[in-house]
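First up is the structure itself, then whatever we jot down about it.
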Amino acid sequence: MRRRDLLKAAAIVAPLTVAGRLMAAPQTSARLLVVFLRGAYDATNVVVPIHSDFYYASRPTLAIARPDAANPNAARPLTADWGLHPALADTILPLWTKGQCAFVPFAGADDMSRSHFETQDTVEMGQPIGGPRNYSSGFMSRLAGQLTGVTPIAFTDQMPLIFRGGAPIPNVAINQVGKPGVDPREAQLIEGMYQGQALAPAVKEGFTVRDEVYSSISQEMTAASRGAASPKGFELSARRIARLMQTQFNLGFVDVGGWDTHVNQGGAQGYLAGRLAELGRGLAGFAEEIGPADWNRTTVVVISEFGRTFHENGDKGTDHGHGSTFWVLGGGLKGGRIVGRQVELVAANLNQNRDYPVLNEYRAVLGGLFARLYGLPPARLQAVFPQTQPTDLALV
């Protein structure tokens, strides 16, 4: 191989290089998985404001019908004011009923750019709005730096901004199965380049991590198939993640795309409903696969960069909005609740007459959750989310 090709291959595996501590069993019992829905999902049609006549007037073709036992396309009741999209009736609703799911409406960042990329960066960095933007510091990396006994991983093909900075963190594309990008011969050549250098143990460990993760995935697929068609979409990825977090990692991140629904979004049926069904199967599959004991020690947080417009548009879709709804799931959760600050959904309370307002700033919500999960004192929380007063929603 040419030196340039060797360096390119080394760069591919570099995010996986963490010397020594990576493969050790987690010392802390708490597990956290953050799921990022990229593209800004329409939270208003997921946790449905069934109490609001204004909602039904604003969405003549997209609105989810009020709860009706005789109507399979109706929202499933959560509280007197809120219902759940019927695509999640068989997956997320049972977790809600068991107190293992909660929702935080009117949540998000104060970023008003309405740009997917800018707001995603804002959320992943977790830094104060209006100040300097450090693209080399993500909030999950800073969180890992404040904890002991954590083994973090990004289930992505590129290192996400949320995990940049601090100690190196491995990443692996969990939805890809097959030969790794660097074969054994190339791996030996790359290891030889670093022989005798300080990075040599980290490079070798990086290849070990990669091979063990791919081996684990391949074994799971073979055992699960049993002659039947393999599951598709996010459910399979989520089950793989669960197996890895059950045994090796306890701080994870995964992103799921495809949530930008400007045209033909659909209501109880259609494009968004299909995506939600897939997401619900994935999250329920994760809970099942990780097993009851570990599920009781696991918290899953589902976020998105922003919500979508309260009114549907002329193309039977929704446009870029502001406030969203976060999900929190876990076996030890104090769930079955809609939590956080809320406001009556009338025209006067919309942000700029078009979106959910952000009443539950995401750094405050996550900071309060991290304080509960890890017992982090205020000074350590400030290192994760500077200039933020955490909000304790008493979810764990």
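The values are calculated or read from the model by the stated rules, or taken from the named source; none is laboratory data. This structure is a prediction, so every number in the text was calculated from the model and none was measured. We place every Cβ from the backbone using ideal geometry, glycine too, and count neighbours over all the protein chains shown. Side chains included, ligands, DNA and RNA excluded: accessible areas come from the protein's heavy atoms. Shrake-Rupley method; radii C 1.70, N 1.55, O 1.52, S 1.80 Å.
Data for the structure
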read-out: FRET efficiency, Q197 to R341 (Cβ-Cβ, R0 51 Å, nearest 0.05); value: 0.45
read-out: Efficiency of FRET between T148 and H262 - r from beta-carbon atoms, R0 41 angstrom, step 0.05; value: 0.35
read-out: Relative packing of 129-138, 36-45, which averages over residues the other C-beta atoms within 10 Å, highest first; value: 36-45, 129-138
read-out: Residues T97 and S29, FRET efficiency given R0 of 25 Å [Cβ-Cβ distance, rounded to 0.05]; value: 0.50
read-out: Å² per residue, accessible surface of segment 273-376 at 1.4 Å; value: 33 Å²
read-out: Computed over segment 54-142, Cα set: Rg, Dmax in Å; value: 18.2, 54
read-out: For peptides 155-168, 91-104, sequence by mean Cβ density within 10 Å, most packed first; value: 91-104, 155-168
read-out: Ordering of 302-314, 342-354 by burial proxy (mean other Cβ atoms within 10 Å per residue, highest first); value: 302-314, 342-354
read-out: Label-point separation, S115 to A69 (7 Å along Cα→Cβ), nm; value: 5.2 nm
read-out: Computed Rg/Rh of segment 81-129, alpha carbon atoms with Kirkwood Rh; value: 1.14
read-out: Segment Q387-N353, extension gain: residue separation times 0.36 nm, minus the distance between their alpha carbons; value: 9.3 nm
read-out: Trypsin sites (Lys or Arg not before Pro) restricted to segment 232-283 and DSSP loop, no more than 15 other C-beta within 10 Å; value: K232
read-out: Accessible surface of segment 56-125, 1.4 Å probe, proportion on carbon and sulfur as whole %; value: 53 percent
read-out: Charge tally in the Cβ shell below 15 Å around G330, where Lys, Arg are +1 and Asp, Glu are -1, G330 excluded; value: +3
